[in-house]
1. For region 376-481, what number results from the quotient of the Cα radius of gyration and 2.2 N^0.38 Å?
2. In percent, what relative contact order does the chain have, based on Cα pairs under 8 Å that are 6 or more apart in sequence?
3. Among Ala675, Ala538, Ser362, which residue has its Cα positioned farthest towards the positive end of the charge dipole of the chain, with +1 placed on the Cβ of Lys and Arg, -1 on the Cβ of Asp and Glu, and the dipole taken about the Cα centre?
4. Once Rh for region 86-178 is found with the Kirkwood sum over Cα pairs, what is the Stokes-Einstein diffusion coefficient at 10 °C and 1.306 mPa s, in µm²/s?
5. Over all pairs of distinct alpha carbons, what does the Kirkwood formula give as the hydrodynamic radius of region 102-151, in Å?
6. Answer with one residue from Gly616, Asn657, Ala550: the one whose Cα lies farthest towards the positive end of the charge dipole of region 513-667, charges on Cβ with Lys, Arg +1 and Asp, Glu -1.
7. Please compute the length gained on full extension between Trp393 and Ser672, using 0.36 nm multiplied by the number of residues separating them and subtracting their Cα-Cα distance.
8. Could you give the size of the charge dipole of region 535-704 about its Cα centre, using +1 on the Cβ of each K and R and -1 on the Cβ of each D and E, expressed in debye and rounded to the nearest 20?
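Every read-out reported here was derived from the displayed coordinates using simple, explicitly stated rules and does not represent laboratory data. Remember, predicted model here, so these are calculated numbers, not experimental data. Here the Cβ positions follow ideal geometry from the backbone for every residue, glycine too, while neighbour counts run over all protein chains shown.
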Amino acid sequence: MKLPRKLSGSAPGDRLLLTVLIVLIVGTPTVFLRTAMLTFTIPQVTFLWVTSVVVLLIGLYRVLISGEFDRGPLPYSIALSAFAVALALVTIVSPQPWVSFTGLPARGAGALTYLLCLVLLHVVYGLAQRRSSEPLVLAFVATHALVVLYALLQAYGLDPISWGIDTRFVGVLVFSTLGNGNFSSGYVGLTLPLLVWVAFGSSMPSLAKVVGGGAIGTSLIALIYFNSFQGQVAAMVACAVLAQWAMTRGRRDRLVAVLVVLPVAVAVVGLPLLLSAPGWSTLLVVVAVTAACAGFGVLKDQRGMNKNSDWSEASAGGWFWPMAAAGLVAVGVLGALFRERIVAEVASGLEQRTEFWKASLSIFRESPLTGRGLETYSSYFTAHRSVEHAVQWESLLSDSPHSVPFGMLSGGGLILAGTYLAVLLVIGYFGILAVTRAEGPLQPFYGAVLASWVAYHVQAFVSMDVPGLIYTQWVLGGILIAGGASMSKTVLVLPWKPRSRRPRSGDGVQGARQLLTITVLAVAFLLALGPLSAPLRANMAVSRAQAALAVSDPRTVEIELARAIDLQPRYGYYAESMAFLYEQGGFFEAAFTEMDRGARLQPGIPYIALKAARAGLAVGRMDAAAYWYERALEADPNGVTAITEAAEFYSSEGKSNLASTLMESFESLGSSNTAVWKTAERVYLALGDDAHAEKAAACYGAGGIPIPDDC
């Protein structure tokens, strides 16, 4: 089944390109590796990098052999070029260029990933000009189904994998293949419009539509178990696809069509507010209802309606604003009925995010033009967070502002955020054109793709660009631009373009060119594979080191950590881990060397600076200890642990005035952390301040004394 659309001729490598894109779409959010330390993030970003490079090389093969380059509309070309230049500039001027380029050790959303996503956008755009893009959308639907299936297995106790202690790193017990309930929820929410299109609006066989309708029910139950409001809100965009299907029926049938999709829309919006942990019976009921609605939709479409007149009649019917008004009324009613639940969900979701966003804006104000570099947020967060957050949540650190737009601002400044916005405006513009210009079954197709693209940005506002999510908007964007852009004058003919599309039999020159091109590109891929896979191989080595540490095999631990450091010498955590090993073995000089290097590779993180200071003290390197205490105070000026430890060091070095100043700052913060009050007691005793030492002793409950309220 293919959508009716006039397409340009196919080009060399198109079938292979389509296959690799499908593999990328399905594999990136579903692959994970238990033998890697970071089971989800590193395998998925590696998979995305490798498959994207394959897409790039196949695209180059097409250009070199066919002699044609998909030029694209002028606004599109300008926006993409500007964003690519901005990515390069931000990376070059960043204080941490390696982190900004690779996105590691954070989530991998560095300049490299975004540049490869631009490649995906352009390749999909060109491919969708020549072939139907429906297989790509169906790949998203299949991936959606896989994520939902694994979530339900976890929700109902059928998970074939025993995660054990690993679940503490994912927050909730239902996290599916993206390793985190928020990320999996976001993926299911943003791709739900595509699944809804399968059931309502596609030209799929009737049985497939009914099955798709039932799958909507399973997706809604999975969203409930993910317990993530961002995915639930993003999923509401799918109601636009339902509304579009109802509006494109004949005038006499629209009321019935609305009644057909209404239960599904109510389920999408209302089930997360009504249910918390639905059982098997609820799952079956919801699936039966959504499947039945899809079945009724199939019956309605099979009643011999004149589809051509139906579409034209729908476009002139003026039902958009009445449906929009009805939707707003429905949202208002649901908001009034479930006000307390909605307020609680929003408050829970934004409890920390508002603090992350404020810190991001503070970082942006410090470097408004180019920012500090992509994925460098963790190096600046504690220095820019509020006093209240530092006191109440001292140990809570973040490697992301949990918002893609805010991350663009703090990471890339106005240059990157402005060009990113330009790309989004171009995609949105051509997406709207694709929907308005399309006819027949193509209109709901592009409507669903546009809805899914919008849903991505809804969830991205309160989430981050992890590998399993980041590629989605770019692939969907390529489909939208291909649908909205005119096919005329979009191909640049290159000088080596063959005169005939079909070379004559025995054309040795063309065959030699193809063989040479394939050989060169294959060599390029093999050369790129090493660096692209290095993060994964290093992560697996650290995982083996952790396993060896658990069985008290320090020699193997050292070998595996050394291998990881050799593969990723700029990954500070690996040096930090080696320092821990040396410290456990009593090799304090070696431990200090590695800890010092690890801290320099991870600037701005207070607890790592404190570790380096303590390592310096252990070997009598007072100069190094002083340096790292200064860095810790710079990184977390309101962190009571850094303040009291530094004060204790300065008091021992005879710098009483500096220690006293730090303790005055500590007293003003009013920390309830009993551990730091114990350190404070030692400082006060060293300073000869018995009164404050007595209070500090009371504040950490020495001798069983009740802790005073003024601590």
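1. 1.36
2. Value for the chain: 16 percent.
3. Positive-most Cα among the choices belongs to Ala538.
4. 95 µm²/s
5. 13.0 Å
6. After comparing all options, I get Ala550.
7. 99.4 nm
8. 620 debye
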